[in-house]
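Notes follow once the structure below has been shown.
The values are calculated or read from the model by the stated rules, or taken from the named source; none is laboratory data. What you see is a predicted model; the values in this text were computed from it and never measured. We place every Cβ from the backbone using ideal geometry, glycine too, and count neighbours over all the protein chains shown. Side chains are part of the model used for accessible areas, which takes the heavy atoms of the whole protein and leaves out ligands, DNA and RNA. Shrake-Rupley method; radii C 1.70, N 1.55, O 1.52, S 1.80 Å.
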Protein chains: 2
Amino acid sequence: MTPSETTVAIVGSGLIGRAWAITFARAGCRVKLSDPDPAVPEKAVGFVASVVDDLAANGLLRGSTPAETLSRIGCHAALEDALDGAHWVQECGPEAIAVKRETFARLDAAAGPETILASSSSALLPSAISEGLPGRSRCLVAHPINPPYLVPAVELVPAPWTAPWVIEKAETLMHAVGQAPLIMAREIDGFIMNRLQGALLEEAFRLVAGGYASPEDVDRGIADGLALRWSFMGPFETIDLNAPGGVADYVARYQGLYRGLFEGMKERVDWAGPVLKTVLASRREKLSEERLAERQLWRDKRLMALSAHKQRADDDIGR
Amino acid sequence: MTPSETTVAIVGSGLIGRAWAITFARAGCRVKLSDPDPAVPEKAVGFVASVVDDLAANGLLRGSTPAETLSRIGCHAALEDALDGAHWVQECGPEAIAVKRETFARLDAAAGPETILASSSSALLPSAISEGLPGRSRCLVAHPINPPYLVPAVELVPAPWTAPWVIEKAETLMHAVGQAPLIMAREIDGFIMNRLQGALLEEAFRLVAGGYASPEDVDRGIADGLALRWSFMGPFETIDLNAPGGVADYVARYQGLYRGLFEGMKERVDWAGPVLKTVLASRREKLSEERLAERQLWRDKRLMALSAHKQRADDDIGR
């Protein structure tokens with residue numbers, strides 16, 4: 001099933017839902033927006049209209065025109081209308097387990113038997129969301145980093161009862177629309193990305209709490225240092241290329257160093273303790289709270305330019 | 001003191017030394033190469049000659065021409081000749097404490113009293129390198145990520161006795177040549193970057209060892225996910241922009257999630273244990289050992305293109 005033959009229902013059309021709409025629609029899917037608040041889907045379409053020209057200018061509409069992308073997105077007041085004919089449901093409601101469970105019960109009751117039900121949840125396990133549902137085997141988590149039209153990674157997380165065909169179809173669809181799926185073998189709190197982020201943040205807070213480095217130094221060490229190679233290779237390929245004999249050679253040479261460092265990493269730092277004052281002072285010195293929203297727009301522009309750069313580099317140099 | 005008024009002696013002209021030579025020379029410094037093996041500085045110049053055109057084409061010579069950059073680099077058979085007139089010594093010898101201590105004793109004896117002595121060491125503490133030297137107060141570590149002409153982050157690490165003027169001058173010089181210095185308040189094993197990298201790698205190995213994810217999934221989650229924003233903002237600015245009220249709001253909302261994850265991160269994984277088989281199989285399936293060197297060239301091309309992209313984005317969108 002190609003994207004142009006696929007209909008996607010977005011259930012919850014706020015920040016995440018509208019970003020998914022772009023992701024699916026630019027690739028050719030028909031997208032049906034719905035939301036408990038009937039005004040929200042129209043606003044989502046307005047948002048899409050406001051960004052498609054920029055995306056096109058950066059070569060990020062996967063060959064679609066802005067008008068084609070927009071024409072594939074429709075708004076539906078009733079959930080059942082949005083689900084009608086949908087092959088894939090991308091649920092993007094509030095991150096509260098009771099709400100998710102209620103939503104998934106409705107989705108499972110109303111959607112056709114072959115429709116896959118995916119939650120965008122970043123922190124709730126798919127087993128908790130779909131437990132007890134008659135159609136629980138077609139449920140999974142498909143967790144994006146926002147916005148998915150600029151950040152391709154999507155975590156596909158099965159519950160213990162998610163059917164293999166569901167994961168296979170999910171993987172196929174995500175590849176087909178240009179995303180980069182991570183296929184978890186089984187669920188774990190934090191999935192992959194939040195666990196990696198949490199481990200890094202924990203050490204970042206520890207370095208600041210211990211008075212070794214400022215928050216700016218940490219950001220510089222990542223943004224002007226480690227994350228450059230990570231941003232096109234990831235950490236395993238990075239270390240594979242960082243020792244003459246590859247990753248086994250790297251582990252033989254350097255595990256001793258890292259084992260020594262780990263001893264100092266076993267105690268948690270309270271991120272809300274005294275260290276927060278230091279982090280907050282550093283951030284607010286660089287950027288006042290009133291300018292956070294403006295800076296988020298800057299971030300999105302940088303992300304768009306980086307995304308366009310990566311596509312060019314993939315084509316010109318290879319990936 | 002501007003770069004054009006600064007003379008830098010590179011002591012040890014292999015992989016790291018030759019990369020530092022480009023970094024200093026393109027900014028206008030006079031660079032004097034030396035090495036225990038007298039053939040090595042000439043080879044280093046050959047390497048510089050082989051990459052300056054590519055750097056110029058990518059706008060990465062800081063306004064210098066390839067010929068100007070090369071003309072600033074000289075080779076010296078005797079260490080004392082290289083040190084003559086040097087304001088800054090960048091030591092790039094083998095990563096063995098006995099060798100470093102012997103080298104620094106020679107440097108301290110031969111270099112003028114105002115010359116700063118910086119080691120490129122990634123893992124040895126500056127106190128261990130300079131302990132007991134008469135001129136220990138002018139010694140520090142200036143640890144780059146290789147190659148520094150493409151990766152600007154440099155860790156400036158003082159020993160307890162390093163004089164404040166040394167750190168100040170080091171910071172000034174690094175900014176002047178276009179690097180991004182991280183100023184550690186005091187030394188700690190792993191400095192900043194290897195501690196952050198170690199924390200992330202530890203969780204990466206743990207996810208693979210636990211059978212939750214493949215090494216490729218981890219790499220995808222970083223390269224197509226987390227590292228995109230990190231590569232131009234770092235982790236603290238990322239979370240500052242990821243909650244409506246900034247970083248304090250982020251900590252209030254999400255620390256509970258991360259605290260829960262930390263419980264499962266307290267035990268070390270042996271990177272050389274069964275997990276290494278999985279990582280190795282995954283890497284060698286993507287890339288045979290014979291092709292590691294070729295892939296390193298690909299990495300350097302990607303890094304060069306990314307570096308050029310970041311400079312353009314800094315100019316066009318702002319940093």
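Below are the figures for this structure:
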{"read-out": "Top-ranked residue in the range B:256-282 [being part of a loop (DSSP other than H, G, I, E, B) and within 7 Å of chain A (Cβ to nearest Cβ); ranked as least open to solvent (accessible area, probe 1.4 Å)]", "value": "B:W271"}
{"read-out": "Qualifying residue in the range B:58-65 (condition: part of a helix (DSSP H, G or I) and assigned by TED's automatic domain parsing to the domain that holds B:G178)", "value": "no"}
{"read-out": "Restricting the range B:149-165 to residues that are out of contact with any Cys (no Cβ under 8 Å at 6 or more places or on another chain), of a type in the set (A, V, I, L, M, F, W, C) and free of Cβ contacts under 8 Å to residues at least 60 places away in the same chain, the residue that is farthest from B:T69 (Cα to Cα)", "value": "B:W161"}
{"read-out": "Single residue of B:G318, B:G260 found to be at pLDDT 95 or above and either closer than 30 Å to B:G210 by Cβ or among the hydrophobic types (A, V, I, L, M, F, W, C) (or both)", "value": "B:G260"}
{"read-out": "Breaking point among (1) in contact with a strand residue (DSSP E or B) (Cβ under 6 Å, 6 or more places away or on another chain); (2) modelled with pLDDT under 95, for B:N146", "value": "(1)"}
{"read-out": "Single condition A:E187 does not satisfy, out of (1) in contact with a strand residue (DSSP E or B) (Cβ under 7 Å, 6 or more places away or on another chain); (2) without any contact (Cβ under 8 Å) to a residue 40 or more places away in the chain", "value": "(2)"}
{"read-out": "Listing of helices (runs of 4 or more DSSP H) fully contained in the range A:162-255 that carry 2 or more residues being buried (at least 24 other Cβ atoms within 10 Å of the Cβ) and not assigned by TED's automatic domain parsing to the domain that holds A:R136", "value": "A:193-209, A:215-221, A:227-233, A:235-240"}
{"read-out": "Hits in the range A:283-313 - residues which are more than 30 Å from B:K301 (Cβ to Cβ), more than 7 Å from chain B (Cβ to nearest Cβ) and either of a type in the set (D, E) or in contact with a Leu (Cβ under 8 Å, 6 or more places away or on another chain) (or both)", "value": "A:E285, A:E290, A:E294"}
{"read-out": "Those residues of the range A:39-92 which are buried (at least 22 other Cβ atoms within 10 Å of the Cβ), of a type in the set (G, A, S) and either under 16 Å from A:A111 (Cα atoms) or in contact (Cβ under 8 Å) with a residue 40 or more places away in the chain (or both), in sequence order", "value": "A:A82, A:A86"}
{"read-out": "Test: residue in the range B:283-306 that is hydroxyl-bearing (S, T, Y) and crowded, with 16+ Cβ neighbours inside 10 Å", "value": "no"}
